[in-house]
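The values are calculated or read from the model by the stated rules, or taken from the named source; none is laboratory data. In this text the structure is predicted, and so the values were computed from the model without any measurement. Don't worry about glycine lacking a Cβ; one is built from the backbone with ideal geometry, like all the others, and counts go over all protein chains shown.
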Amino acid sequence: MGIRDKRASLNSKKQRILAWWRRHWYVKYLVVIGFFFLVTFVFGDANISKQIRYKSRINNLKKELREVKERYHQDSVRLEEIRANKQGIEHTARELYLMKRPEEIIFLIKDSVQDKQ
């Protein structure tokens, strides 16, 4: 097999590739579009896994916001009840904050069963 045969073989292959490329002209556009989507949605800043994580985080934050709003509403109602009733203020101060009058002595009794757990 000489140089002419190799050259003829290469020209033949080249002609077949060019003929295929002319018949399937749209392939180059598909490759470019595919590469664009691959870079954008797999390797880019807005890739699919990040989008899923962000959506999950947003849902968790919305749930937490609903819980905080509910707690805020309950605390606001309780605060209004305490403000409306002077005995409520005293009760809250004594029970929650362990406050006392100057002449009082308070004894705290802890349950020993709870301490062991």
request  = Scan the range 38-77 residue by residue and report those that are surrounded by fewer than 11 Cβ atoms within 10 Å (Cβ to Cβ) and among the aromatic types (Phe, Trp, Tyr).
outcome  = 43, 72
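So, of the residues in the range 78-117 that are surrounded by 10 or more Cβ atoms within 10 Å (Cβ to Cβ) and among the hydrophobic types (A, V, I, L, M, F, W, C), which turns out to be farthest from the chain's Cα centre (by Cα)? Steps first, answer last, please.
Filtering the range 78-117 for residues surrounded by 10 or more Cβ atoms within 10 Å (Cβ to Cβ) gives 78-83, 85, 88-94, 99-100.
Now narrow it down to the ones that are among the hydrophobic types (A, V, I, L, M, F, W, C): 79, 82, 89, 93, 99.
Values: 79: 34, 82: 39, 89: 42, 93: 40, 99: 43 Å.
Going through the qualifying residues, I end up with 99.
Using the structure shown, decide if residue 34 is modelled with pLDDT under 90 and surrounded by 10 or more Cβ atoms within 10 Å (Cβ to Cβ).
Spelling it out, it is not the case that residue 34 is modelled with pLDDT under 90 and surrounded by 10 or more Cβ atoms within 10 Å (Cβ to Cβ).
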